[in-house]
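All remarks here apply to the structure that follows.
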Amino acid sequence: MKIFYSDAHVLHHPKAELHRGQMIDPHEGPHRMDLLLPGMKRAGFKNFLSPPVFDETSLQGVHTSDYIDFIKTAWERWDAAGYAGDVLPMSYPHSKRREKPPTDIDGAAGYFASSSDTVITKTSWEALKAVAACSLAAANAVSDGANSAFALIRPPGHHAGADYMSGYCILNNSAIAAQALRKNGAGRVAILDVDFHHGNGTQDIFYERDDVLFTSIHGHPDDHFPYFWGHKDETGAGAGQGFTVNYPLPAGTAYAPWSAALRNALQHISRFKADVLVVSLGVDTFEHDPISSFKLKTTDYPLYGAIIAQLGLPTVFIMEGGYGVPKVGDNVAGVLTGFLNA
Ligand SMILES: [Zn+2]
């Protein structure tokens, strides 16, 4: 399996996170790679390939040009306005959003965001380009004939929509990979999001399309982020009607019911006759994850990797969430090992 990785992820280094009324040390930061890499190495993975320079045209069809311009310039505008720290908006549009963002950078940052846990730092854009390049390289490797590839990256991407950042996510790496696979010639791309949290950004980006099937297994939005997406009755719109499938599950869900949802999602993907699969690989389903509430154990990850392999599809794995505990790396490696050994 080709694994793409870039040290440049350290250039996105949030200093603080607003979490339930307090500023805390961020759950998502460069330290996560210190959990992921050792676990991968313990499992015997050792070739971590650098991606080619990022091709920005790959963002077309995923993010709007206004949003990309905002990300590129946000920190300089924030600094020029005399605001302190990193770009972290205070104000958000409610139901009626204007057609253009406000001129003030604080207002613009809120316009292009949907939660206060996501910041832009001075060098975030450099990190985000390198991270997206890993996702693109993984997709291209599979388009070129590899059976599977993995983008070992952070920050995650699946909460980022076409024009908003959210849930630590700024560029949507899984969507970038799916769009690249389509551009490279795949007729139908399926996305399986196994992160604990609903992949609202990915869902939004493909909601009205019938060439990309989005499936997600996640904590119920009544009591888990991203709160306003991920219900069962969200099934797509327009041409995309029926091409979004959500499995919201209650807090405390263990492997048996979780894997039953997985098998159901895989049936949808089979019926869709996907040419290729993108897995949004979050392992915050782990029983000891600090911000989630499912009860998967380390021994469960290889099991479900093997189940995904039964689809027999070329597969691009994109790293998403998974926080705080050393087992994060073992759990990611477990999914990949289970997939490869199936
Ligand atoms: Zn997550």
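All of the numbers you see were taken from the coordinates with simple rules; none came from a lab. On a predicted model such as this, the values are computed, not experimentally measured, just so you know. FYI the Cβ positions are ideal-geometry reconstructions off the backbone, even for glycines, and counts take in every protein chain you see.
General remarks:
- Sole exception among (1) in contact with a strand residue (DSSP E or B) (Cβ under 6 Å, 6 or more places away or on another chain); (2) closer than 30 Å to Gly324 by Cα for Ala141, by number: (2)
- If you go through region 141-169 and keep only what is touching an Asp or Glu at 6+ places or on another chain (Cβ under 6 Å) and within 14 Å of the ligand (Cβ to nearest atom), you end up with Pro155, Pro156, His158, Tyr168.
- Helices (runs of 4 or more DSSP H) wholly inside region 46-148 containing at least 1 residues that are over 28 Å from Ala178 (Cα atoms): 65-80, 105-111
- The criterion of at least 1 residues that are in contact (Cβ under 8 Å) with a residue 60 or more places away in the chain and surrounded by 24 or more Cβ atoms within 10 Å (Cβ to Cβ) is met, among strands (runs of 3 or more DSSP E) falling completely within region 171-271, by 189-193, 212-219.
- Leu296 meets each of the listed conditions (1) more than 15 Å from the ligand (Cβ to nearest atom); (2) of a type in the set (A, V, I, L, M); (3) over 14 Å from Met40 (Cα atoms) apart from (1).
- Count of residues meeting criterion [touching a residue at least 40 places away in the same chain (Cβ under 8 Å) and either within 16 Å of the ligand (Cβ to nearest atom) or assigned to a loop (DSSP other than H, G, I, E, B) (or both)] in region 305-321: 9
- The residues in region 153-170 that are in a loop (DSSP other than H, G, I, E, B) and over 23 Å from Leu249 (Cα atoms) can be counted, and the count is 6.
- Residue pairs whose Cβ atoms lie under 9 Å apart, separated by 6 or more positions or on different chains, with the first residue in region 86-112 and touching a residue at least 40 places away in the same chain (Cβ under 8 Å) and the second β-branched (Val, Ile, Thr), are Asp86/Val119; Asp86/Ile120; Asp86/Thr121; Leu88/Thr118; Leu88/Val119; Leu88/Ile120; Phe112/Ile71.
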